[in-house]
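Please read the structure below before turning to the comments.
The values are calculated or read from the model by the stated rules, or taken from the named source; none is laboratory data. Only a predicted model underlies this, so the values are computations on that prediction, with no experimental measurement involved. All Cβ positions, glycine included, derive from the backbone under ideal geometry; neighbour counts span all protein chains shown.
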Amino acid sequence: MEKVLLRNIDVADSHTLAVYQSRGGYRAWEKVLRTMTPAKLIEEVKESGLRGRGGAGFPTGMKWSFVPKDNPKPKYLICNADESEPGTFKDRLIIERDPHAIIEGTLIAAYAIQSHTAFIYIRGEFAFGAAMLERAVAEATEAGYIGENILGSGYDLDLIVHRGAGAYICGEETALLSSLEGSRGWPKLKPPFPATHGLFGCPTVVNNVETLAALPWIIDRGAAAYAAMGTEKSKGTKLFSVSGHIAKPGVYEVEMGYPFKKFLEADCGGVPHGRKLKGVIPGGASMPVLRADEIEKVNLDYESVQAAGSLLGSGGVIVMDESTCMVRAAWNIARFFAHESCGQCSPCREGCHWMEKVFHRIEQGRGEAGDLDLILNVSGNIMGNTICPFGDAAAMPAAAFIKKYGDEFEEHIRRKKCTVGDGASVSSSEFLVSS
Amino acid sequence: MALEFSSETYKKFEETVGRYPKKEAAMLPVLYLAQQEFGYLGPEAIAYVAQLMGQSPARVHGIVSFYTMLTMKPIGRYHIQVCRTLPCALKGSEKITSFIGKNLGIDVGQTSVNGRFTLSEVECLASCGTAPMMQINDDYYEDLTEEKVAAILESLK
């Protein structure tokens, strides 16, 4: 498989314009400006089959086509670099090692919707990443790829790197817009969708870093070359961030449809220390956990992971070996969502803290009969009852942990203590395993 | 005594606001400038930013209190933030946190008496492949061991 997204990162000084150009960088941007109309560009990306890599998997070309062409308001393109889904660290790698690929992708997407002001919204904690992007934007501006009358085409575009300030919810596109408007990162009700009523009420498209970084390759090599990779509905390649109890953690680029088990065992070296796999979260902490026996026939594409009862999400693969206490793992994730709920919708604001408290008391050996039903009830009342997907993201993993590892939870409640390892931590496995 | 920006920072403020299509969009970068200049965003700093941005102090307070990186209280010179989310927890972040606490003689949420260190636990910092990890001010420290952490703390003491 040819690498689309990680094609440059191992080259020395891959973050510089000179190296990026020497590897064909900005060739796609020139091609777009010189030979393609926005309509043709959108068609090309539709044909590539590229789907949004932020988690939802919505077709990128179609998302762009929802932007009205006759709207007199300014249009905005935003690169979502607010990578915060637990278990996901792929965007950070591209930001730090191949920032020009993100910039070129952002320019191409902005042109597709005829935006003249684009933003890269980067999570606040990525101070180094923001500095790399700022530097790369300055280089690209100096070289005439950004600014007024770009490469003599008559097309103008300003690109602003904007830092968030620490809030998971700002990765959700309407919360990101609220944040960029200078408010709390509160999601907005959809419809209307950002494509018609986005930043400051203007037509806006928000695309993930990984989605945008794939565009230069797609334009340079053609939609057909991209669509030739992957499965019927999940085209191309995808980045997977692999963490937890795994021999070789890291970011991997995989052709869609690659067998999950083979990936974990052959590519990532499997579970270390001779332990057995207990469970794996395939798409970041908001996605339902899968038991070891459930991944046997799963392939790494949207449809196959969904058929197995979870979702591909952001591709954040969190591996847990047999020494992991699933009660404590579930509590850890519930605590994350309780901490990050923006507080706008009652079911999520109240429910996330409630689930966290009940998981915690079970973990502490103070669980009561009926606690599991209580969590499932709360989770069920959050699902679908909030204005953004955060509620579902908190509810789904909570319910999945209980359903998949019911016996362990029951045992915890009955014996009032952990039955896995020493029960003192999420994992009793050797700490600080160096890989 | 009312707080205000130095003339140099005020210039940066004007440049920052000028970059954005609307003034209010510059709120976060302006709050960063204020936090850098004043150390933290207490009521006086919030009132000053509100006045600069043409908004009410209550609204600015609401924004500051929403984001974890904006702080309303003074913190130590080195803000140690250990990730506590699942991928780091699976690799022993809890032991790292308690090791730091013991080493510095403070609990999570506290600042050392000399004002040098504040210890916090934070949620996922997108460095899960090199867990456990922590952030001190702007820098990431990854693949932590107790030995590594001891050396890092020593270099900052």
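Observations on the model:
- Filter pass, A:V358 being without any contact (Cβ under 8 Å) to a residue 40 or more places away in the chain and of a type in the set (V, I, T): yes
- Boolean, B:K11 is away from chain A (no Cβ under 12 Å), out of contact with any helix residue (DSSP H, G or I) (no Cβ under 9 Å at 6 or more places or on another chain) and not in a helix (DSSP H, G or I): no
- Counted residues, the stretch A:220-252 - those being part of a loop (DSSP other than H, G, I, E, B), closer than 21 Å to B:D143 by Cα and either within 19 Å of the chain's Cα centre (by Cα) or modelled with pLDDT under 95 (or both): 1
Each row is one residue, and each column tells you yes or no for (1) touching a residue at least 40 places away in the same chain (Cβ under 8 Å); (2) surrounded by fewer than 22 Cβ atoms within 10 Å (Cβ to Cβ); (3) assigned to a strand (DSSP E or B).
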residue: A:V254; (1), (2), (3): yes, yes, yes
residue: A:F263; (1), (2), (3): no, yes, no
residue: A:A266; (1), (2), (3): no, yes, no
residue: A:G270; (1), (2), (3): no, yes, no
residue: A:H273; (1), (2), (3): yes, yes, no
residue: A:V280; (1), (2), (3): yes, no, yes
residue: A:G284; (1), (2), (3): yes, no, no
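- Identity of the residue in the stretch B:66-88, more than 8 Å from chain A (Cβ to nearest Cβ) and among the polar types (S, T, N, Q), that ends up nearest to A:R335 (Cα to Cα): B:Q81
- The one condition in (1) among the charged types (D, E, K, R); (2) within 10 Å of another protein chain (Cβ to nearest Cβ); (3) touching a Leu at 6+ places or on another chain (Cβ under 8 Å) that B:R116 fails to fulfil: (2)
- Only listed residue being over 23 Å from A:Y155 (Cα atoms) and over 21 Å from the mean Cα position of the chain (by Cα), chosen from A:E47, A:E85: A:E47
- Among the residues of the stretch A:88-136, those that are over 19 Å from the mean Cα position of the chain (by Cα) and charged (D, E, K, R) comprise A:E104, A:E134, A:R135.
- Residue satisfying all of: in the stretch A:143-171; assigned to a helix (DSSP H, G or I) and in contact (Cβ under 8 Å) with a residue 24 or more places away in the chain; nearest to the other protein chains (Cβ to nearest Cβ) among these: A:Y168
- Test result for A:S323, within 14 Å of chain B (Cβ to nearest Cβ) and out of contact with any Phe, Trp or Tyr (no Cβ under 9 Å at 6 or more places or on another chain): yes
- Checking every residue in the stretch A:27-46 against the condition of being among the hydrophobic types (A, V, I, L, M, F, W, C) and surrounded by fewer than 16 Cβ atoms within 10 Å (Cβ to Cβ) gives at least one match.
- Restricting attention to the stretch A:339-357, the residues that are in contact with a Gly (Cβ under 9 Å, 6 or more places away or on another chain), surrounded by fewer than 22 Cβ atoms within 10 Å (Cβ to Cβ) and in a helix (DSSP H, G or I) add up to 2.
- Residues that are in contact with a helix residue (DSSP H, G or I) (Cβ under 7 Å, 6 or more places away or on another chain) and away from chain B (no Cβ under 14 Å) were ranked within the stretch A:232-270; the one that is farthest from A:G313 (Cα to Cα) is A:G270.
- Within the stretch A:173-199, being in contact (Cβ under 8 Å) with a residue 60 or more places away in the chain, within 14 Å of chain B (Cβ to nearest Cβ) and either surrounded by fewer than 18 Cβ atoms within 10 Å (Cβ to Cβ) or not hydrophobic (A, V, I, L, M, F, W, C) (or both) holds for A:R184, A:G185, A:P187, A:G198.
- The set of residues in the stretch A:56-89 that are crowded, with 24+ Cβ neighbours inside 10 Å and on the phi > 0 side of the Ramachandran plot contains only A:G87.
- Search result, residues across the stretch B:46-96 that are over 30 Å from B:L3 (Cα atoms) and touching a Lys or Arg at 6+ places or on another chain (Cβ under 7 Å): B:S93
- Residue, surrounded by the fewest Cβ atoms within 10 Å (Cβ to Cβ), within the stretch B:137-149, restricted to residues that are touching a helix residue (DSSP H, G or I) at 6+ places or on another chain (Cβ under 7 Å) and touching a residue at least 40 places away in the same chain (Cβ under 8 Å): B:E146
- Among the residues making up the stretch A:95-124, those that are out of contact with any Lys or Arg (no Cβ under 9 Å at 6 or more places or on another chain) and more than 28 Å from A:A39 (Cα to Cα) are A:I95, A:E96, A:R97.
- Among the residues examined, A:R361 does not qualify as outside any helix (DSSP H, G or I) and closer than 20 Å to A:Y405 by Cβ.
- Boolean, A:N377 is surrounded by fewer than 21 Cβ atoms within 10 Å (Cβ to Cβ), of a type in the set (S, T, N, Q), out of contact with any Phe, Trp or Tyr (no Cβ under 8 Å at 6 or more places or on another chain) and touching a residue at least 24 places away in the same chain (Cβ under 8 Å): no
- In the set (1) within 19 Å of A:C170 (Cβ to Cβ); (2) crowded, with 24+ Cβ neighbours inside 10 Å, A:A127 fails one condition alone, (2).
- Restricting attention to the stretch B:63-104 and to residues that are of a type in the set (F, W, Y) and closer than 18 Å to A:I169 by Cβ, the residue that is surrounded by the fewest Cβ atoms within 10 Å (Cβ to Cβ) turns out to be B:Y67.
- Residues satisfying the stated conditions in the stretch A:1-15, i.e. farther than 21 Å from A:G236 by Cβ and surrounded by fewer than 18 Cβ atoms within 10 Å (Cβ to Cβ): A:V11, A:A12, A:D13
- Selection count, the stretch B:13-40, where residues are in contact with a Pro (Cβ under 9 Å, 6 or more places away or on another chain) and more than 14 Å from B:M53 (Cβ to Cβ): 4
- Some residue of the stretch A:23-44 being of a type outside the set (V, I, T) and under 18 Å from A:G284 (Cα atoms): no
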